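Visitor: Have a look at the structure that comes next, please.
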Amino acid sequence: MDLAELDRNLWRTGLGIQGKARYEGRLEVDGPHLNLRGHLAGTAGLFDGVAVPEYSGDLAWDQQGLTLAGLHVHTLDGDGDIDFAVPPAPAPTRLSAVFRGVDAEGLTRAIFDLGEMGIASSVTGSTTLTWPRGRTRALSGKIVCTLEEKSDGRAPVRGRLSWRATNGLQ
């Protein structure tokens with residue numbers, strides 16, 4: 001499956017999802033309605049500009065929107081388990097994740113759309129986020145994580161982080 005084609009024409013997440021995937025499951029056509037339910041696994045993924053070399057999880061797409069459940073990803077030098085739902089507007093997009101050993105700077109840049117910071121840390125933690133479809137600046141949710149120092153030429157950082165926002169206000 002070409003995930004970019006699916007995202008552009010069916011899912012319409014606005015997150016530029018790409019990748020080469022295998023899909024094992026059902027495809028149902030009921031009049032004008034198309035339903036997908038099954039397991040997705042692939043390589044060479046891209047999610048909102050972040051490279052995801054390997055991913056695998058359950059996919060559902062129907063009138064209730066897109067759901068990726070139990071999505072295991074290898075990305076940013078670590079791995080994570082994600083549940084992601086993009087229901088039809090006006091319902092908010094939802095993401096919850098547990099991540100382990102992920103590059104802290106890469107994750108921070110991806111979530112907050114920031115530039116280079118020079119942070120040398122791996123991060124382990126969890127997040128629950130929601131946002132109105134197409135309006136990521138109105139993010140609500142929390143991130144709780146622990147940072148461990150890395151030695152790679154950037155400034156090492158260690159500690160705990162707890163972050164919250166409601167409708168984009170921190």
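The values are calculated or read from the model by the stated rules, or taken from the named source; none is laboratory data. Being a predicted model, the structure only gives us computed values, none of them experimental. With ideal geometry, Cβ positions are generated from the backbone for all residues, glycine too; neighbour counts draw on all protein chains shown. Protein only, heavy atoms only, side chains kept; ligands, DNA and RNA dropped before computing areas. Shrake-Rupley method; radii C 1.70, N 1.55, O 1.52, S 1.80 Å.
Visitor: Test of understanding: among D77, D83, D48, which residue is at negative phi and of a type in the set (D, E, K, R)?
Guide: Unique residue meeting the criteria: D83.
Visitor: Being open to solvent by 60 Å² or more (accessible area, probe 1.4 Å), of a type in the set (A, V, I, L, M, F, W, C) and modelled with pLDDT of 90 or more is true for just one of L129, L114, L147, L161. Which residue is that?
Guide: L161
Visitor: Residues being in a loop (DSSP other than H, G, I, E, B) and of a type in the set (G, A, S): count how many of those fall in the range 125-170.
Guide: Summing the residues that are in a loop (DSSP other than H, G, I, E, B) and of a type in the set (G, A, S) in the range 125-170 gives 4.
Visitor: Out of the range 80-127, which residues are over 16 Å from I143 (Cα atoms) and acidic (D, E)?
Guide: The one that is over 16 Å from I143 (Cα atoms) and acidic (D, E): E116.
Visitor: Okay, moving on. What single numbered condition from (1) free of Cβ contacts under 8 Å to residues at least 12 places away in the same chain; (2) under 30 Å from N35 (Cα atoms); (3) of a type outside the set (A, V, I, L, M) fails to hold for G70?
Guide: G70 satisfies every listed condition except (1).
Visitor: Could you tell me how many of the residues in the range 117-136 are touching a residue at least 60 places away in the same chain (Cβ under 8 Å) and out of contact with any strand residue (DSSP E or B) (no Cβ under 8 Å at 6 or more places or on another chain)?
Guide: Step one: list which residues in the range 117-136 are touching a residue at least 60 places away in the same chain (Cβ under 8 Å), which gives 133-134.
Adding the requirement that they be out of contact with any strand residue (DSSP E or B) (no Cβ under 8 Å at 6 or more places or on another chain) leaves 134.
Of the residues in that region, 1 qualify.
Visitor: Taking into account only those residues within the range 98-111 that are crowded, with 21+ Cβ neighbours inside 10 Å and among the hydrophobic types (A, V, I, L, M, F, W, C), which is nearest to R154 (Cα to Cα)?
Guide: By that ranking, first place goes to A104.
Visitor: A further question on this structure: Among the residues of the range 24-55, count how many are surrounded by fewer than 16 Cβ atoms within 10 Å (Cβ to Cβ) and among the hydroxyl-bearing types (S, T, Y).
Guide: 1
Visitor: Which of the residues spanning the range 63-94 are surrounded by fewer than 19 Cβ atoms within 10 Å (Cβ to Cβ), out of contact with any Ser or Thr (no Cβ under 6 Å at 6 or more places or on another chain) and aliphatic (A, V, I, L, M)?
Guide: A69, A89, A91
Visitor: From (1) within 15 Å of the chain's Cα centre (by Cα); (2) open to solvent by 70 Å² or more (accessible area, probe 1.4 Å); (3) small (G, A, S); (4) more than 17 Å from G14 (Cβ to Cβ), pick out the condition that doesn't hold for G153.
Guide: For G153, the failing item is (1).
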